[in-house]
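What follows is a set of notes on a single structure, which appears directly below.
Coordinate-derived values only; no laboratory data. Since the model is a prediction, treat every value here as computed from it, not as a measurement. Cβ placement follows ideal geometry from the backbone for every residue including glycine, while neighbour counts extend to all protein chains displayed.
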Amino acid sequence: MGKKSSEWFRRAQASLPDGVNSPVRAFKAVGGEPIFIDYAQGATLYDVDGNSYVDYVCSWGALILGHAHPDVVAAVKQAATRGTSYGAPTPGEVELAELIKAAFPSIELVRLVNSGTEATMSALRVARAFTGRKLIVKFDGCYHGHADSLLARAGSGVATLGLPDSAGVLEEFIQFTLTLPYNDLAAVEAAFRQRGREIAAVIVEPVAGNMGCVPLQPGFLEGLRKITGQHGALLIFDEVITGFRIAPGGAQERYGVRADLTTLGKIIGGGLPVGAYGGRRDIMEKVAPLGPVYQAGTLSGNPVAVAAGMAALKALQQPGTYDKLEALSAQLESSLRATADSTGAAVHVNRIGSMLTLFFSDALVTDFASAKRADTVRFARFFHGLLARGIYWPPSQFEAAFVSLAHTPADIEKTVAAAGAAFKELR
Ligand SMILES: *Cc1c(COP(=O)(O)O)cnc(C)c1O
């Protein structure tokens, strides 16, 4: 890449593990060196070398409005001048909680935290306390943050590094985590037949985003709802990506299935660090100080972060928002497919709403096993073909691309033209 990015990367490597604060940013899965970002506006990233890129990472889905949305920027500025943290309750936290509850009828009480990882980790603790059971069921290729008990077959970042799970996670920490194939209800039924009385909860990405975008098989969520209900286990929807993205009320609204507990993150912070977990009142009443499950945070409900989140969620309430996202994303999907076909590239495009993955595979991708059949070498060349043409696609085959409200039909056309040229280079 550019000279200045390269210099910053060298300098970063002297102080940060491989120069980054989150692994996938280092481009390990695609080779080469990361670009260093100077600033961003709308759907465009500008690197320190003066290059610009149409951005499909959008902070891994957090920026559904695009970068530096004026409402969010104004809210952050205003909040910051009033003090950046108090460690005491504020009206803003209450209002954000109310907006979340209005979008998710299954959430009666909610706790704000600082990241998606904190949200899922805490939701599991609550589920175990509420049920008095030990086991958690998760699915291969679903990522729920980096808490110990959830780092078993956890998709993207981990898949990219080729680690079965993480060093430093004791066997003892994941012995109560059962991992099953995504979209496979028969496997869930079998697990519950065997150990149903020990299972505290099933946690699932209701549309997978962390093995690339993998849609649901019809009936999967309904089946999970039924089986968990029959066995007294809780159903946790990890809507850290899908919440406010595939519908305001996430997968629960889109597919009409209600979770017992829901985890949120990304979009609800408007690009600042906010996560949340919430759900049925009787379950959430276990959380301290109402109940015996301890969970706390110095910066939880931070006034600046909450102001950004509120501004983002309010902007999303404008009429036509989700129709516009759907139209742009459908344009991207169908044009990418047409371009791939015309150049003879063997790809499958998976899309739900504004989450999309182009898999270099001639077979359908319905779970982690089929995702892993994709040709990551071809993907890496495609990625660099796009990057060289001013398109910042997620730097791993196993990540979803995100369309934002700041993208324009012209951005999509530019992207598809670049993809066409990149496909041709693969022949
Ligand atoms: C990003 C993500 C998380 C973790 O959120 P962080 O804020 O990165 O800790 C959890 N679950 C899902 C589905 C995610 O996509």
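Eigen-decomposition of the gyration tensor built on the alpha-carbon atoms of segment 1-98 gives equivalent ellipsoid semi-axes of 32, 17, 14 angstrom, largest listed first. Take the Cα pairs of segment 301-427, get the Kirkwood Rh, then feed it into Stokes-Einstein at 4 °C and 1.567 mPa s and tell me D in µm²/s. The diffusion coefficient I find is 82 µm²/s.
When the square roots of the Cα gyration tensor eigenvalues are ordered a ≥ b ≥ c, the ratio a/c for segment 63-104 is 1.5 or more and a/b does not exceed b/c, which makes its shape oblate. Beyond 14 Å, what share of the Cα-Cα pairs of segment 314-386 remains, rounded to the nearest whole percent? Result: 66 percent of Cα pairs exceed 14 Å. Over the Cα atoms of the chain, the radius of gyration divided by the Kirkwood radius equals 0.95; this is the Rg/Rh ratio.
How large is log10 I(q)/I(0) at q = 0.16, 0.18, 0.22, 0.23 Å⁻¹ when the Debye formula is applied to the Cα atoms of segment 51-174, each weighted equally and without solvent? Each listed q corresponds, in turn, to -1.10, -1.21, -1.32, -1.36. Springs between Cα atoms under 10 Å define the GNM used for the chain, and in it the highest mean-square fluctuation of 71, 18, 148 occurs at 18. Counting beta carbons within 10 Å around each of 389, 373 and listing the fewest first gives the order 373, 389. Taking a straight Cα-Cα cut-off under 25 Å and skipping sequence neighbours fewer than 8 places away in the same chain, the lysines within cross-link reach of residue 28 are 3, 4, 266, 372, 424. Computed from point charges on the beta carbon alone (+1 for Lys and Arg, -1 for Asp and Glu), the dipole magnitude for segment 173-297 about its Cα centre is near 120 Debye. With contributions of -39500 (n - 2.57) from each DSSP H run of at least four residues, the per-residue ellipticity at 222 nm computed over the chain stands at -12000 deg cm²/dmol.
In a reduced charge model with +1 at each Lys and Arg Cβ and -1 at each Asp and Glu Cβ, the chain shows a dipole moment near 260 debye about its Cα centre. Using alpha carbons only, how many angstrom separate the centre of segment 17-54 from the centre of segment 87-127? First find each Cα centre; the distance between them is then 31 Å. Annotation: peptides 259-271, 301-313, ranked by per-residue average of other Cβ atoms within 10 Å with the highest first, follow the order 259-271, 301-313.
Using the Cα gyration tensor of segment 365-419, with a ≥ b ≥ c the square roots of its eigenvalues, what is the shape: rounded (a/c below 1.5), prolate (a/b larger than b/c) or oblate (neither)? Note, shape of segment 365-419 comes out oblate. Start at zero, step by 5 Å, and the Cα-Cα distances of segment 70-316 spread as 1, 7, 14, 19, 19, 17, 12, 7, 3, 1, 0, 0 percent across the bins.
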